[in-house]
Amino acid sequence: MIAGHTGERSNEGTGTRPSCFDAAQHEGLILSLSKERPGSPQTLAGIGQPSTARVMTESPHILVVDDHREIRDSLAKFLTRQGYRVTKAADGNDMKRALRAGAFDLVVLDVLMPGDDGLVLCRHLRATTDLPIIMLTALGEETDRVIGLEMGADDYVTKPFSPRELVARIKAVLRRARALPRDRADLDCEVVRFDRWVFHLGRRELVGADGVALPLSTAEFALLKAFVGHPRMVLSRDQLLDLTRGRAANVFDRSIDTQVSRLRRKIEKDPKAPEIIKTVWGGGYSFVADVIAS
(Lines give C-alpha, C1' and ligand atoms only; values in the text may rest on other atoms or scores of the structure.)
Protein backbone atom coordinates (compact mmCIF):
# COMPACT_ATOMS: atom_id res chain seq x y z
CA MET A 1 0.00 0.00 0.00
CA ILE A 2 1.31 3.41 -0.94
CA ALA A 3 0.00 6.18 1.27
CA GLY A 4 1.36 9.29 -0.37
CA HIS A 5 0.50 12.80 0.70
CA THR A 6 -3.25 13.04 0.96
CA GLY A 7 -3.66 16.56 2.18
CA GLU A 8 -0.72 18.88 2.84
CA ARG A 9 1.81 19.70 0.19
CA SER A 10 5.34 18.39 0.70
CA ASN A 11 8.57 20.30 0.29
CA GLU A 12 11.05 17.92 -1.25
CA GLY A 13 13.87 20.39 -1.08
CA THR A 14 13.60 20.72 2.73
CA GLY A 15 13.23 17.00 3.30
CA THR A 16 10.02 17.47 5.27
CA ARG A 17 7.28 14.88 5.23
CA PRO A 18 3.54 15.61 5.32
CA SER A 19 1.99 15.25 8.75
CA CYS A 20 -0.32 12.47 7.56
CA PHE A 21 2.69 10.18 7.14
CA ASP A 22 3.58 7.74 9.87
CA ALA A 23 7.36 7.46 9.51
CA ALA A 24 7.70 3.80 10.43
CA GLN A 25 4.69 2.83 8.32
CA HIS A 26 5.98 4.78 5.34
CA GLU A 27 9.43 3.16 5.54
CA GLY A 28 7.74 -0.21 5.63
CA LEU A 29 5.76 0.67 2.52
CA ILE A 30 8.89 1.69 0.65
CA LEU A 31 10.68 -1.50 1.72
CA SER A 32 7.70 -3.60 0.64
CA LEU A 33 8.15 -2.26 -2.87
CA SER A 34 11.91 -2.79 -2.96
CA LYS A 35 12.02 -6.34 -1.56
CA GLU A 36 10.57 -9.56 -2.89
CA ARG A 37 9.44 -12.62 -0.99
CA PRO A 38 10.43 -15.61 -3.17
CA GLY A 39 7.88 -18.35 -3.36
CA SER A 40 5.01 -16.23 -2.08
CA PRO A 41 1.96 -15.78 -4.34
CA GLN A 42 1.95 -12.16 -3.21
CA THR A 43 5.48 -11.42 -4.45
CA LEU A 44 5.48 -7.88 -5.81
CA ALA A 45 1.84 -7.44 -4.91
CA GLY A 46 0.91 -10.77 -6.47
CA ILE A 47 1.96 -9.94 -10.01
CA GLY A 48 5.30 -11.73 -10.20
CA GLN A 49 8.41 -11.12 -12.26
CA PRO A 50 8.23 -10.23 -15.96
CA SER A 51 9.28 -12.98 -18.31
CA THR A 52 12.60 -12.77 -20.17
CA ALA A 53 10.72 -12.53 -23.48
CA ARG A 54 8.83 -9.50 -22.24
CA VAL A 55 12.00 -7.76 -21.10
CA MET A 56 13.62 -8.34 -24.47
CA THR A 57 10.76 -6.70 -26.36
CA GLU A 58 9.96 -3.01 -26.18
CA SER A 59 7.78 -2.54 -23.14
CA PRO A 60 5.34 0.30 -22.46
CA HIS A 61 6.99 3.54 -21.36
CA ILE A 62 5.35 5.11 -18.29
CA LEU A 63 5.89 8.71 -17.16
CA VAL A 64 5.43 9.02 -13.37
CA VAL A 65 4.77 12.61 -12.22
CA ASP A 66 4.78 13.06 -8.44
CA ASP A 67 6.52 15.69 -6.31
CA HIS A 68 7.16 13.26 -3.43
CA ARG A 69 10.56 11.69 -4.09
CA GLU A 70 10.16 8.50 -2.05
CA ILE A 71 6.85 7.63 -3.67
CA ARG A 72 8.15 8.57 -7.12
CA ASP A 73 11.30 6.46 -6.78
CA SER A 74 9.57 3.48 -5.16
CA LEU A 75 6.80 3.45 -7.74
CA ALA A 76 9.35 3.66 -10.56
CA LYS A 77 11.27 0.68 -9.13
CA PHE A 78 8.09 -1.33 -8.74
CA LEU A 79 6.88 -0.63 -12.28
CA THR A 80 10.33 -1.44 -13.66
CA ARG A 81 10.12 -4.85 -11.99
CA GLN A 82 6.83 -5.41 -13.75
CA GLY A 83 8.59 -4.95 -17.10
CA TYR A 84 7.74 -1.31 -17.79
CA ARG A 85 10.16 1.41 -18.84
CA VAL A 86 9.79 4.33 -16.46
CA THR A 87 10.74 8.00 -16.52
CA LYS A 88 10.24 10.14 -13.40
CA ALA A 89 9.21 13.79 -13.16
CA ALA A 90 8.98 15.87 -9.98
CA ASP A 91 6.73 18.62 -11.35
CA GLY A 92 5.11 20.07 -14.44
CA ASN A 93 8.33 21.48 -15.86
CA ASP A 94 10.05 18.10 -15.55
CA MET A 95 7.03 16.46 -17.19
CA LYS A 96 7.08 18.82 -20.16
CA ARG A 97 10.84 18.34 -20.64
CA ALA A 98 10.39 14.56 -20.55
CA LEU A 99 7.57 14.73 -23.11
CA ARG A 100 9.77 16.76 -25.46
CA ALA A 101 12.67 14.32 -25.07
CA GLY A 102 10.92 10.96 -25.37
CA ALA A 103 7.84 8.99 -26.38
CA PHE A 104 5.49 7.60 -23.75
CA ASP A 105 2.54 5.23 -23.60
CA LEU A 106 0.87 6.45 -20.39
CA VAL A 107 1.20 9.11 -17.68
CA VAL A 108 0.67 8.48 -13.96
CA LEU A 109 -0.07 11.95 -12.59
CA ASP A 110 -0.42 13.08 -8.98
CA VAL A 111 -3.09 15.71 -8.39
CA LEU A 112 -1.71 17.54 -5.36
CA MET A 113 1.59 19.15 -6.36
CA PRO A 114 3.16 22.59 -5.89
CA GLY A 115 3.09 24.96 -8.83
CA ASP A 116 0.94 23.59 -11.64
CA ASP A 117 -1.10 20.88 -9.96
CA GLY A 118 -2.20 17.63 -11.56
CA LEU A 119 -5.48 19.05 -12.82
CA VAL A 120 -3.69 21.86 -14.68
CA LEU A 121 -1.20 19.36 -16.11
CA CYS A 122 -4.01 16.98 -17.09
CA ARG A 123 -5.63 19.79 -19.08
CA HIS A 124 -2.28 20.50 -20.76
CA LEU A 125 -1.73 16.83 -21.61
CA ARG A 126 -5.20 16.42 -23.07
CA ALA A 127 -4.83 19.57 -25.17
CA THR A 128 -1.43 18.57 -26.57
CA THR A 129 -1.35 14.75 -26.59
CA ASP A 130 -3.53 11.66 -26.78
CA LEU A 131 -1.63 9.92 -23.97
CA PRO A 132 -3.71 7.91 -21.50
CA ILE A 133 -3.67 9.48 -18.02
CA ILE A 134 -4.14 7.87 -14.61
CA MET A 135 -4.59 10.37 -11.78
CA LEU A 136 -3.41 9.80 -8.20
CA THR A 137 -5.89 11.55 -5.91
CA ALA A 138 -6.32 12.00 -2.17
CA LEU A 139 -8.83 9.69 -0.53
CA GLY A 140 -12.21 11.38 -0.38
CA GLU A 141 -11.35 14.19 -2.79
CA GLU A 142 -14.32 13.51 -5.07
CA THR A 143 -14.11 16.95 -6.66
CA ASP A 144 -10.57 16.30 -7.91
CA ARG A 145 -11.61 12.93 -9.35
CA VAL A 146 -14.66 14.30 -11.16
CA ILE A 147 -12.78 17.32 -12.53
CA GLY A 148 -9.89 15.10 -13.63
CA LEU A 149 -12.24 12.76 -15.47
CA GLU A 150 -14.06 15.65 -17.11
CA MET A 151 -10.70 17.05 -18.26
CA GLY A 152 -9.93 13.77 -19.98
CA ALA A 153 -8.17 11.52 -17.46
CA ASP A 154 -8.72 7.86 -18.27
CA ASP A 155 -8.73 6.54 -14.72
CA TYR A 156 -7.79 7.42 -11.16
CA VAL A 157 -6.40 5.71 -8.07
CA THR A 158 -7.02 7.09 -4.58
CA LYS A 159 -4.27 7.32 -1.96
CA PRO A 160 -3.40 5.22 -0.08
CA PHE A 161 -3.29 2.72 -2.93
CA SER A 162 -1.93 -0.74 -3.63
CA PRO A 163 0.80 -0.92 -6.30
CA ARG A 164 -0.95 -4.06 -7.51
CA GLU A 165 -4.13 -2.07 -8.15
CA LEU A 166 -2.22 0.63 -10.02
CA VAL A 167 -0.51 -1.92 -12.28
CA ALA A 168 -3.87 -3.57 -12.99
CA ARG A 169 -5.33 -0.19 -13.96
CA ILE A 170 -2.30 0.63 -16.12
CA LYS A 171 -2.75 -2.67 -17.98
CA ALA A 172 -6.48 -2.06 -18.45
CA VAL A 173 -6.02 1.51 -19.72
CA LEU A 174 -3.25 0.45 -22.12
CA ARG A 175 -5.44 -2.39 -23.40
CA ARG A 176 -8.28 0.02 -24.13
CA ALA A 177 -5.92 2.51 -25.78
CA ARG A 178 -4.56 -0.17 -28.11
CA ALA A 179 -8.08 -1.33 -28.98
CA LEU A 180 -9.16 2.13 -30.14
CA PRO A 181 -9.43 2.61 -33.90
CA ARG A 182 -6.64 4.63 -35.46
CA ASP A 183 -7.48 8.06 -36.83
CA ARG A 184 -8.32 7.96 -40.52
CA ALA A 185 -8.26 11.71 -40.94
CA ASP A 186 -5.08 13.75 -40.64
CA LEU A 187 -5.67 15.75 -37.48
CA ASP A 188 -2.11 17.10 -37.31
CA CYS A 189 -3.51 20.05 -39.24
CA GLU A 190 -5.30 22.88 -37.49
CA VAL A 191 -8.34 22.99 -39.79
CA VAL A 192 -10.61 20.33 -41.32
CA ARG A 193 -13.70 20.72 -43.52
CA PHE A 194 -16.82 18.62 -43.67
CA ASP A 195 -20.22 19.23 -45.21
CA ARG A 196 -20.72 22.99 -44.98
CA TRP A 197 -18.54 23.42 -41.90
CA VAL A 198 -14.93 24.46 -41.19
CA PHE A 199 -13.63 22.98 -37.94
CA HIS A 200 -10.72 24.91 -36.34
CA LEU A 201 -9.16 22.46 -33.89
CA GLY A 202 -6.63 24.91 -32.50
CA ARG A 203 -9.30 27.49 -31.73
CA ARG A 204 -11.90 24.86 -30.80
CA GLU A 205 -14.30 26.63 -33.12
CA LEU A 206 -16.78 25.60 -35.78
CA VAL A 207 -17.45 28.06 -38.62
CA GLY A 208 -20.44 27.79 -40.93
CA ALA A 209 -20.78 28.67 -44.61
CA ASP A 210 -21.96 32.13 -43.56
CA GLY A 211 -18.64 32.74 -41.77
CA VAL A 212 -20.26 32.82 -38.36
CA ALA A 213 -18.36 30.94 -35.63
CA LEU A 214 -20.37 28.45 -33.61
CA PRO A 215 -19.10 27.97 -30.04
CA LEU A 216 -18.58 24.41 -28.82
CA SER A 217 -18.58 23.14 -25.26
CA THR A 218 -15.62 21.04 -24.11
CA ALA A 219 -17.67 17.87 -24.48
CA GLU A 220 -18.96 18.83 -27.94
CA PHE A 221 -15.46 19.68 -29.14
CA ALA A 222 -14.06 16.34 -27.91
CA LEU A 223 -16.92 14.42 -29.52
CA LEU A 224 -16.65 16.22 -32.87
CA LYS A 225 -12.88 15.73 -32.88
CA ALA A 226 -13.39 12.00 -32.32
CA PHE A 227 -15.89 11.83 -35.18
CA VAL A 228 -13.83 13.77 -37.75
CA GLY A 229 -10.80 11.66 -36.82
CA HIS A 230 -12.71 8.47 -37.67
CA PRO A 231 -14.99 9.28 -40.62
CA ARG A 232 -17.22 6.53 -42.02
CA MET A 233 -16.35 4.23 -39.11
CA VAL A 234 -18.92 2.79 -36.73
CA LEU A 235 -17.95 3.91 -33.23
CA SER A 236 -19.64 2.27 -30.27
CA ARG A 237 -20.60 4.26 -27.20
CA ASP A 238 -17.71 2.67 -25.31
CA GLN A 239 -15.25 3.71 -28.03
CA LEU A 240 -16.61 7.25 -28.07
CA LEU A 241 -16.28 7.38 -24.30
CA ASP A 242 -12.65 6.23 -24.57
CA LEU A 243 -11.93 8.77 -27.31
CA THR A 244 -13.48 11.66 -25.40
CA ARG A 245 -13.38 11.12 -21.66
CA GLY A 246 -11.87 7.78 -20.66
CA ARG A 247 -13.64 4.64 -19.51
CA ALA A 248 -13.17 5.53 -15.85
CA ALA A 249 -15.99 8.02 -16.31
CA ASN A 250 -18.57 5.25 -16.60
CA VAL A 251 -21.02 7.36 -14.64
CA PHE A 252 -21.28 9.50 -17.79
CA ASP A 253 -21.87 6.62 -20.24
CA ARG A 254 -25.39 7.59 -21.21
CA SER A 255 -24.37 11.21 -21.70
CA ILE A 256 -22.76 10.19 -25.02
CA ASP A 257 -26.26 9.96 -26.48
CA THR A 258 -27.10 13.36 -25.02
CA GLN A 259 -23.93 14.93 -26.44
CA VAL A 260 -24.57 13.42 -29.87
CA SER A 261 -28.09 14.91 -29.81
CA ARG A 262 -26.71 18.32 -28.85
CA LEU A 263 -24.03 18.17 -31.54
CA ARG A 264 -26.61 17.18 -34.16
CA ARG A 265 -28.70 20.22 -33.23
CA LYS A 266 -25.70 22.39 -34.05
CA ILE A 267 -24.38 20.82 -37.27
CA GLU A 268 -27.31 19.05 -38.94
CA LYS A 269 -29.79 20.81 -41.22
CA ASP A 270 -32.51 18.65 -39.69
CA PRO A 271 -31.44 16.99 -36.41
CA LYS A 272 -34.42 14.65 -36.61
CA ALA A 273 -33.17 13.32 -39.95
CA PRO A 274 -29.38 13.52 -39.52
CA GLU A 275 -27.16 13.34 -42.61
CA ILE A 276 -23.76 13.79 -40.93
CA ILE A 277 -23.89 11.68 -37.76
CA LYS A 278 -25.85 8.51 -38.43
CA THR A 279 -27.13 6.13 -35.78
CA VAL A 280 -26.11 2.53 -36.39
CA TRP A 281 -28.64 0.45 -34.52
CA GLY A 282 -26.93 -1.96 -32.18
CA GLY A 283 -23.55 -0.52 -33.13
CA GLY A 284 -23.29 3.13 -32.16
CA TYR A 285 -22.74 6.12 -34.45
CA SER A 286 -21.00 6.85 -37.74
CA PHE A 287 -19.76 10.18 -39.09
CA VAL A 288 -20.64 9.79 -42.78
CA ALA A 289 -19.55 13.19 -44.13
CA ASP A 290 -16.32 13.51 -46.12
CA VAL A 291 -13.53 15.06 -44.02
CA ILE A 292 -10.93 17.20 -45.83
CA ALA A 293 -7.76 18.41 -44.11
CA SER A 294 -6.89 22.05 -44.85
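The values are calculated or read from the model by the stated rules, or taken from the named source; none is laboratory data. In this text, all values refer to a predicted model and were calculated from it rather than measured experimentally. FYI the Cβ positions are ideal-geometry reconstructions off the backbone, even for glycines, and counts take in every protein chain you see. Accessible surface is based on the protein model in full, side chains and every heavy atom, while ligands, DNA and RNA are left aside. Shrake-Rupley method; radii C 1.70, N 1.55, O 1.52, S 1.80 Å.
For residue 190, project a label point 7 Å along Cα to C-beta. Then give me every residue of the stretch 200-228 with its amide nitrogen under 15 Å of that point.
200-207
Lysines near residue 266 by alpha-carbon distance under 28 Å, same-chain residues fewer than 8 away left out - which ones?
Excluding near neighbours in sequence, the set is 225, 278.
Distance between the C-alpha centers of the stretch 211-241 and the stretch 92-169? Whole Å please.
Each part reduced to its Cα centre gives a spacing of 23 Å.
Using amide H atoms built in the peptide plane, which far-off residues or other-chain residues are under 5 Å from residue 233 H to H?
287
Leaving out ligands, DNA and RNA but keeping every protein chain, what accessible area does residue 268 have, in Å² rounded to the nearest 10, with a 1.4 Å probe?
Here the residue's solvent-accessible area equals roughly 10 Å².
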